[in-house]
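Inspection log for the structure reproduced underneath, given as structure tokens.
The values are calculated or read from the model by the stated rules, or taken from the named source; none is laboratory data. The structure presented is a predicted model; accordingly, all values stated were derived computationally and were not measured. Cβ coordinates were reconstructed from backbone atoms using ideal geometry, including for glycine residues, and neighbour counts include every protein chain displayed. All accessible areas refer to the heavy atoms of the entire protein, side chains included, with ligands and DNA or RNA removed. Shrake-Rupley method; radii C 1.70, N 1.55, O 1.52, S 1.80 Å.
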Amino acid sequence: MKTLIIGEIINNNLSSGTLEILGKAKSMELETQVITVGSDDTPTIGLNETKQTYIKRSNSSLNFSKVASKITEIIKNEDIKLILGSSTYMCRDLISFISVDLNSSPISNVIDFDLHDGKISTVNSINGGESLYKAKINSDHSLLLIRPKAFDPAEVELNTDYETIDVDNSDIEVFDIYIEEKSGPQLEDSKVVISAGRGMVDKENLEMIVTLATKLNAAIGGTRAIVDAGWMPYSQQVGQTGKTVKPDVYIACGISGATQHQVGMKDSKYVIAINKDEEAPIFQLADLGIVGDTLSVIPKLNDNL
Amino acid sequence: MKIAVCAKQIPDPANEVTYSDGIINRPDEQVLDDTDRYGIEVALQLKEKFDAEVTIISMGPAGTQKGLQQALQMGADKAIYVDDDSLKGSNSLKTANVLSELAKSLTADIVIFGTESTDGYSGTVPQQVSRFLDVECISYVKGLEVGDNITLTRQTVEGSEKVNMPEKCVISVTAGGVEPRYPNFKDIMAAKSKPIEQISLGDLNIVSEQNVEFLNVDTVESSKAGEKIIDEGEAYQEIVNKLRELKVI
Ligand SMILES: Cc1cc2nc3c(=O)[nH]c(=O)nc-3n(C[C@H](O)[C@H](O)[C@H](O)COP(=O)(O)OP(=O)(O)OC[C@H]3O[C@@H](n4cnc5c(N)ncnc54)[C@H](O)[C@@H]3O)c2cc1C
Ligand SMILES: Nc1ncnc2c1ncn2[C@@H]1O[C@H](COP(=O)(O)O)[C@@H](O)[C@H]1O
């Protein structure tokens, strides 16, 4: 099946989400090409065995609708049937626009898909991850938004050999671009993740999380509750509207375990939860649950590591 | 300025969700999706600065209209909705098609959304509506400042960025920047006399098909509940032991 992956660039490289979809496409032996959208000058995103086209846009203009039109044109010209992208801000915009052009509803939050008799069937999570929905797509084009960490990434060697297409600016100018500082281990690729919730009681208490993270070489995450409260930048939010993580060890500190948080961490290999409420839903997915006060358990833990 | 806010009635999230043939069972009494409160708040902030009319647009079983009332209580002026059996289980494209037709019928300049609904959670409807309406979509907005221009702050993967709101556009609003207001007793009483109008599906131009065929739905088992230890001062030791066993330390 002629397949298009809409790729993204992170740090001059294909994003982990793009590589995961590429891994799945390879394992299914789909006839794949990649169109990567970004604003870097000459990113190292070329692929040895797979056709790569770079759509270059300026980040000083909000022009994803123009990018989408370009991609729709390519899909029609090349008779592409399956269109895949990660559930990221950019791909959600692009695939939504393209879905109207192709008159085919996309499926979001896909965690698995398959091909039978020329038709795509999917498994996607719905209702904040509480249920899994299986469906078959009956239109000419299948558009899927894939959740991060659903598939194993492809191992690729990257080059700078690809065709570049420039896309015009729109009338909407972008200004005051702010990039959050990132330091220490990153959420997506750390073996240990320590997340904080409102049960850390006060922003200042996050210091003890930082100490613990340093000792365990862990990345730090948080719930939407504390991100909204300004304790932590959004880039560290774990969950439905934040990052999906799959570390070897996930330590949830003062987190109730709402389904929207769970979807971002439930595939972690080993989950440790500290919460003073014995009934907190987070304990339902904890391998080791400590019913206790974060402010008493974590300092002792720090002193003994 | 005419503003439309798309808001959805959903089953109370406190109750367990059940399905029939892959379609969520919707009780007669549904509530306003919390996600949509953010969009309504942005609309109301615009209304406070301009002479704007704010209309709630909704699709789905109307039931007791509690969710619509909750939207009006926050301060919207009126509501219109489509409730048609043939729309049950609509995919995101069809939903977007219906909502864009409603926005057109109002000649709305600005159409505001939440980012993703709590039940459907496809996160694609706002962008699809913008495409149907052929206007720009300013997605993932988390805040606004009203000065000479209306400046919208967008959440991005790496941080944030700003754009000025054009005269006509679609906006999707994410949590974090604005705090949805709570209605007081007076607002609740006032909402009762605000108009709620049902629009017939037959009056709308629907071009999209139902291309997704339901096969099966399953509840995710999340009960891997392991050991639970009540801390009496020494529970940290269990964590240390475990981290050692897992070779983290
Ligand atoms: C559309 C939508 C999307 C969402 N997306 C996300 C998302 O991506 N990520 C996310 O995390 N949330 C998300 N949420 C929010 C989610 O529903 C919860 O509100 C949120 O996860 C709760 O965060 P919390 O656990 O920090 O706070 P709370 O739910 O308030 O829980 C705090 C916990 O700490 C415990 N506690 C309090 N004090 C102590 C103490 N001293 N010691 C030990 N324990 C203590 C309490 O028992 C409680 O269980 C979303 C919600 C919606 C509607
Ligand atoms: N049936 C509906 N009625 C009104 N608004 C809706 C409906 N479905 C989706 N929306 C809007 O689209 C946003 C995103 O929804 P979704 O794409 O379902 O995640 C929601 O926050 C609402 O603003």
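Return the equivalent ellipsoid semi-axes of the stretch B:86-207 as a descending list in whole Å, where each equals the square root of 5 times an eigenvalue of the C-alpha gyration tensor.
25, 21, 15
Out of A:Ile272, A:Leu14, A:Ser61, whose Cα points farthest toward the positive end of the dipole of chain A (charges: +1 Lys, Arg; -1 Asp, Glu; placed on Cβ)?
Value computed over the given set: A:Ile272.
Over 19 Å, how big is the tail of the calculated P(r) for the stretch B:20-88, in percent of all Cα pairs?
38 percent
Let me see the P(r) profile for the stretch A:67-165: every Cα-Cα distance counted, bins of 5 Å, each bin given as a percent of all pairs.
Result returned by the calculation: 2, 12, 21, 22, 21, 14, 6, 2, 0.
Ignoring ligands, DNA and RNA, what percent of the accessible area of chain B is carbon or sulfur (1.4 Å)?
Answer for chain B: carbon and sulfur cover 45 percent of the accessible area.
For chain A, which whole-number percentage of the solvent-accessible area (1.4 Å probe, protein heavy atoms only) is attributable to carbon and sulfur atoms?
43 percent
How much length is gained on full extension from A:Ser296 to A:Asn138, taking 0.36 nm per residue of separation minus their Cα-Cα distance?
Gain on extension, A:Ser296 to A:Asn138, equals 51.3 nm.
Only Lys, Arg, Asp and Glu count, each charged at its Cβ (+1, +1, -1, -1), so figure out the dipole size of the stretch A:19-89 about its Cα centre, rounded to 20 debye.
Rounded to the nearest 20 debye, it is 240 debye.
Report, as a whole number in µm² per second, the diffusion coefficient that Stokes-Einstein gives for the stretch B:2-203 at 25 °C and 0.890 mPa s using the Kirkwood radius over alpha carbon pairs.
Once the numbers are plugged in, D ends up at 145 µm²/s.
For the stretch A:112-150 and the stretch B:181-226, write down the distance between their C-alpha centroids in whole Å.
22 Å
Calculate for chain A the 222 nm mean residue ellipticity that helices alone would give, adding -39,500 (n - 2.57) per DSSP H run of length 4 or more and normalising by residue count, nearest 500 deg cm²/dmol.
Helix contribution divided over all residues of chain A: -6500 deg cm²/dmol.
In deg cm²/dmol and to the nearest 500, what is the mean residue ellipticity at 222 nm of chain B if only DSSP H runs of at least 4 residues count, each as -39500 (n - 2.57), divided by the residue total?
-8000 deg cm²/dmol
Based on the alpha-carbon gyration tensor of the stretch A:192-304 and its eigenvalue square roots a ≥ b ≥ c, which shape applies: rounded if a/c is under 1.5, prolate if not and a/b is larger than b/c, or oblate?
rounded
What total accessible area, in Å², is buried where chains A and B meet, using a 1.4 Å probe and rounding to the nearest 100?
Summing both chains' loss of accessible area gives about 7000 Å².
Where Rh is the Kirkwood radius over the Cα pairs of the protein assembly as shown, the temperature 37 °C and the viscosity 0.692 mPa s, what D in µm²/s does Stokes-Einstein return?
135 µm²/s
Please work out the FRET efficiency for the pair A:Asp171 and A:Met1, using the Cβ-Cβ distance as r and a Förster radius of 45 Å; give the result to the nearest 0.05.
My answer for the efficiency is 0.75.
What are the aspartates and glutamates whose alpha-carbon lies under 14 Å from the alpha-carbon of A:Lys182, with same-chain residues fewer than 8 places away excluded?
B:Glu158
The stretch A:195-271 to the stretch A:30-83: how many Å between their Cα centroids?
Using only Cα atoms to place each centre, the spacing works out to 34 Å.
Hey, got the dipole for the stretch B:179-233? About the Cα centre, +1 on K and R Cβ, -1 on D and E Cβ, debye to the nearest 20?
500 debye
I'd like the GluC sites (Glu not before Pro) in the stretch A:74-168 restricted to DSSP loop residues with at most 14 other Cβ atoms within 10 Å, sorted by number.
A:Glu78, A:Glu155, A:Glu157
For the stretch A:149-245, take N as its residue count and report Rg(C-alpha) divided by 2.2 N^0.38 Å.
1.43
Once every Cα of the stretch A:1-46 carries one equal point scatterer and solvent is ignored, give the base-10 log of I(q)/I(0) from the Debye formula at q = 0.15, 0.20, 0.23 Å⁻¹, two decimals.
Each listed q maps to, in turn, -0.36, -0.61, -0.76.
Past 28 Å, Cα to Cα, is the threshold; run B:Lys104/B:Lys142; A:Lys51/A:Lys119; A:Lys136/A:Lys269 against it and keep the listed order.
Listed pairs above 28 Å: A:Lys136/A:Lys269.
With N set to the residue count of the stretch A:2-166, report its C-alpha Rg divided by 2.2 N^0.38 Å to two decimal places.
In units of the globular-protein estimate, the stretch A:2-166 measures up at 0.97.
As a test of the definition: which semi-axes, in Å, follow for chain A when you take the square root of five times each eigenvalue of its alpha carbon gyration tensor? Largest first, please.
Whole-Å semi-axes of the equivalent ellipsoid: 37, 22, 17.
Say each of B:Thr219 and B:Asn15 gets a label point 7 Å from the Cα, pointing the same way as Cα to Cβ; how far apart are those two points in nm?
In this crude spin-label approximation the distance works out to 1.4 nm.
Mind checking the per residue accessible area of the stretch B:2-203 for me, 1.4 Å probe, whole number of Å²?
41 Å²
Could you pull out the pairs from A:Lys66/B:Lys8; A:Lys246/B:Lys8; A:Lys2/A:Lys26; B:Lys88/B:Lys194; A:Lys215/A:Lys243 whose alpha carbons sit more than 21 Å apart here?
From A:Lys66/B:Lys8; A:Lys246/B:Lys8; A:Lys2/A:Lys26; B:Lys88/B:Lys194; A:Lys215/A:Lys243, over 21 Å: A:Lys66/B:Lys8; A:Lys246/B:Lys8; B:Lys88/B:Lys194; A:Lys215/A:Lys243.
Stokes-Einstein diffusion coefficient for the stretch B:160-249 at 4 °C in a medium of 1.567 mPa s, Rh from the Kirkwood formula over Cα pairs: what value in µm²/s?
It diffuses with D of about 58 µm²/s by this estimate.
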